[in-house]
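Inspection log for the structure reproduced underneath, given as structure tokens.
The values are calculated or read from the model by the stated rules, or taken from the named source; none is laboratory data. Remember, it's a predicted structure, so these values are computed and weren't measured experimentally. Methodologically, a virtual Cβ is constructed for each residue, glycine included, from the backbone with ideal geometry; neighbour enumeration extends over all protein chains shown.
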Amino acid sequence: MNKEEFKKLLLKIAGLSLGDQKWVLKQLTQEQKKQFTFHQGYSLLSKARRFRKLPISQPPQIQNMIQLPELCKELGQKEPIYIAIILEQGQFKWESDFLRTHEQNTKIKQLLDNVVGMIKPATKATAYRQWQTQLDFVDQLETLHG
């Protein structure tokens, strides 16, 4: 979940009654509660309550403004560990934009920082080569020449 989606969610929850807010927060899984706490959700929610009567406007979509290569759509559907390996092996100039727009960006960044380095280089190279062979000609050119 990116920051804009998190903000919308907080504003929608803040628009509910206090009892309903507590009920919604109790429905979160342990993983979701950790993520909510990590993003300072409780303090942000208390601040968002001041704006609960204001209508929620739609901010401009960041994804529409960023032009990612076509291969990013298919890559984005893969498992986070696979994505992290490809990003680490490829060193793409669009990596930061891809991570910013991907819904599991936090998980992928965590894997890049903590897990991918422990995977054997041969395994990572094999996964990267396999991914490259699945690309069409234009996408292969983009991965080789940025």
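Do we find that Leu144 is modelled with pLDDT under 85, over 30 Å from Leu18 (Cα atoms) and part of a helix (DSSP H, G or I) in this structure? Yes; evaluated as a whole, the condition is true for this residue.
When the range 8-31 is filtered for residues that are part of a helix (DSSP H, G or I) and out of contact with any helix residue (DSSP H, G or I) (no Cβ under 7 Å at 6 or more places or on another chain), the ones remaining, listed by number, are Lys8, Leu9, Lys12, Leu18, Gly19, Asp20, Lys22, Trp23, Leu25, Lys26, Gln30, Glu31.
Looking at the range 1-32, which of its residues are among the basic types (Lys, Arg) and either modelled with pLDDT of 85 or more or in contact with a Ser or Thr (Cβ under 9 Å, 6 or more places away or on another chain) (or both)?
Of the residues in the range 1-32, the ones among the basic types (Lys, Arg) are 3, 7-8, 12, 22, 26.
Answer for the range 1-32, where residues must be among the basic types (Lys, Arg) and either modelled with pLDDT of 85 or more or in contact with a Ser or Thr (Cβ under 9 Å, 6 or more places away or on another chain) (or both): Lys22, Lys26.
Checked against (1) modelled with pLDDT of 85 or more; (2) β-branched (Val, Ile, Thr); (3) within 19 Å of Glu4 (Cα to Cα), Ile66 passes all but a single condition, namely (1). Determine whether the range 122-138 contains at least one residue that is touching a residue at least 24 places away in the same chain (Cβ under 8 Å), loosely packed, with under 12 Cβ neighbours inside 10 Å and outside any helix (DSSP H, G or I). Checked the range 122-138: no residue is touching a residue at least 24 places away in the same chain (Cβ under 8 Å), loosely packed, with under 12 Cβ neighbours inside 10 Å and outside any helix (DSSP H, G or I).
Candidates are the residues of the range 90-121 that are touching a residue at least 40 places away in the same chain (Cβ under 8 Å) and of a type in the set (Lys, Arg); the one that is farthest from Pro80 (Cα to Cα) is Lys93. Kindly indicate the residue of the range 96-121 that is modelled with pLDDT under 90 and acidic (Asp, Glu) and also surrounded by the most Cβ atoms within 10 Å (Cβ to Cβ) among those meeting that condition. So the residue we want is Asp97.
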